[in-house]
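Structure record follows, encoded as structure tokens.
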There are 2 protein chains.
Amino acid sequence: MSNRTVFFISDGTGITAETFGNAILAQFEISPRHVRLPFIDTVDKAHQAIRHINHTGELEGKRPIVFTTLVNMDILAVLKAQCNGMLLDMFGIFVAPLESELGIKSNHRVGRFSDASKSKAYDERIEAINFSLAHDDGQSHRDLAGSDVILVGVSRSGKTPTTLYLAMQYGLKASNYPLIPEDFERRQLPPALVPHRKKIFGLTIAPERLSQIRNERRPNSTYSSLANCRNEIHEAEAMMRREGIRWLSTTTKSIEEIATTILQEIRPERLEY
Amino acid sequence: MSNRTVFFISDGTGITAETFGNAILAQFEISPRHVRLPFIDTVDKAHQAIRHINHTGELEGKRPIVFTTLVNMDILAVLKAQCNGMLLDMFGIFVAPLESELGIKSNHRVGRFSDASKSKAYDERIEAINFSLAHDDGQSHRDLAGSDVILVGVSRSGKTPTTLYLAMQYGLKASNYPLIPEDFERRQLPPALVPHRKKIFGLTIAPERLSQIRNERRPNSTYSSLANCRNEIHEAEAMMRREGIRWLSTTTKSIEEIATTILQEIRPERLEY
């Protein structure tokens, strides 16, 4: 089935087309070739895209699948008239019913990212990314109070990618703070965290997986030994239980699932629900 | 129009529903309230969601808009039968025509992120995020050769958020490397970069905007003065022109647009086109 190509065509970045198209394609046991054709914002470029699609279809003997999020009706019309692919028009199909439901016309604005860079929400998102970088791994105690979410857990339990995802996707100021052997000896949360308990969420991980991840960084060290990982995880989970901190295991979860679960539990004020 | 609520319902994280729904809603001049209802993976939870939707509709006097990416047909059937909202079933509408086009049945697999964590692509994505963090701001010359993309530009021209986005979204190992006054005096690319010219992409920015951004960090410094920003940008653009480096101005562009443009220009080997 790999001799079938899927095109993602957009007048903007094509990221929406690809995100949604991939979600649909994940419903099928196929691994098609992907071709992204972003910024198709003139009829000329549409003609180029059509030649590409039709040529591919001839080579493969199967019509390509074409996901589009085109909002320019002239360009879409050219594509509909001349493209031999299977056209899945993701916007058209929902925009018309919504126009009649809302009683207003759509604005055919190209690309939801195209004027994003001038918006307040966009500036806040960039600020959140910078904040999360500056507050990675307990680097800064400054402004922990300014965090929307603070992740805790032992080294390599998945905190950093999750905080960056929360910042990138949701514009949340997400810090992370390691739980280290000294904390376990004192049997207390790191003192810097205590005032912010309501925003804290814990990540844990199966010791076997942790040992594997740590071994990639520091092979054959005490740090990455299974015995040490077991002990750290045991202590970290005991501490979270004792301190009433909500937590989940990242072992078989993706960043997206971890982030979604955290948002459900912490419900940061800045995010509407 | 703000007394209208939009729900995003999914048996997984709901991220696809929200990404796509937001793209559609951006076509309308409305600012509805958003409610995310992820992990609706049992009929019981579907009933709770329906109560929430129907109650909201009664309060607002308008039926809520409900984007769903449910793949569990039993749960979707309950929603279709009992929910008073305007149901926009994003999967159903495309999956059936694709089944007949491809000649295979869809697998109704819940959530494209749900078994992501066990895949090679997922591991590579996490590795790419770690790589990009380790190679932020020229921190490490080690393994620059292992980068898929290397971004260059003056301080605060937008390199860091873009490299992190490339890693997070596309699993690319993206480094970034600052161009500093010493490089301009020598009138040469930083020596560490020279062997990797093909992977280099430059970011520039309007001096006025740069000065504004730098002033937020270090107010009233030489570093952030308009005169200095003008000079650095002038030198950086001259160097990129001289060295034949492709570049764009980030001034009015979002991370998504910058990243998409970079991918079109650099075409990293690891990404299929």
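Overview of values
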item: Peptide B:256-262, shielding by other chains (average Cβ, 10 Å cutoff); result: 6
item: Alpha carbon centroid spacing (whole Å) that separates segment B:37-95 from segment B:206-241; result: 51
item: Residue (of A:F94, B:S211, B:F20) at the positive-pole extreme of the protein assembly as shown, dipole from beta-carbon charges; result: B:S211
item: Most mobile of A:Y223, A:Y170, A:Y122 in a GNM of chain A (Cα contacts under 10 Å); result: A:Y223
item: Mean projected area in nm² (Cα convex hull; one quarter of hull surface) for the protein assembly as shown; result: 27.1
item: q = 0.10 Å⁻¹, chain B: log10 I(q)/I(0) [Debye, one scatterer per Cα]; result: -0.71
item: Relative contact order (%) - segment B:94-205, alpha-carbon pairs under 8 angstrom, separation at least six; result: 29
item: Residue-normalised accessible area of the protein assembly as shown, given per residue in Å² at a 1.4 Å probe; result: 43
item: Cα-based Rg and Dmax for segment A:134-189, where Dmax is the largest Cα-Cα distance (Å); result: 11.5, 36
item: Dipole in debye (nearest 20) - chain A, about Cα centre, beta carbon charges: Lys, Arg +1; Asp, Glu -1; result: 360
item: Column: log10 I(q)/I(0), Debye, Cα scatterers of segment A:118-266, q = 0.11, 0.16 Å⁻¹; result: -0.40, -0.83
item: Tensor-based shape of segment B:5-102 (alpha-carbon gyration tensor, a/c under 1.5 rounded, otherwise prolate or oblate); result: oblate
item: A:M86 long-range amide H proximity, modeled H, under 5 Å; result: A:I65, A:V66
item: With at most 16 other Cβ atoms within 10 Å, longest stretch of chain B clear of loop GluC sites (Glu not before Pro) (DSSP); result: B:30-268
item: Across the identical copies, how the A:S100 labels are spaced - nm, sorted shortest first, 7 Å along Cα→Cβ; result: 2.2
item: Sequence-distant residues sharing a close amide H with A:L151 (under 5 Å, placed H); result: A:S175, A:N176, A:Y177, A:F201
item: Neighbouring partner chain Cβ atoms per residue of B:98-109, average, 10 Å criterion; result: 4
item: Residues listed by number, segment A:158-174, amide nitrogen under 19 Å from A:A134 label point at 7 Å toward C-beta; result: A:160, A:163-174
item: Only Lys, Arg (+1) and Asp, Glu (-1) charged, at Cβ; segment A:118-266 dipole about Cα centre in debye; result: 100
item: Residue among A:N176, A:N130, A:N228 with the largest mean-square fluctuation in a Gaussian network model of chain A, springs linking Cα atoms under 10 Å; result: A:N228
item: Length-normalised contact order of chain A in % [C-alpha pairs under 8 Å, at least 6 apart]; result: 14
item: Dipole in debye (nearest 20) - segment A:5-102, about Cα centre, beta carbon charges: Lys, Arg +1; Asp, Glu -1; result: 340
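The values are calculated or read from the model by the stated rules, or taken from the named source; none is laboratory data. Remember, predicted model here, so these are calculated numbers, not experimental data. All Cβ positions, even for glycine, are placed from backbone atoms using ideal geometry, and neighbour counts span all protein chains on display. The protein model used for the area step is the full one, side chains on, heavy atoms only, and it has no ligands, DNA or RNA in it. Shrake-Rupley method; radii C 1.70, N 1.55, O 1.52, S 1.80 Å.
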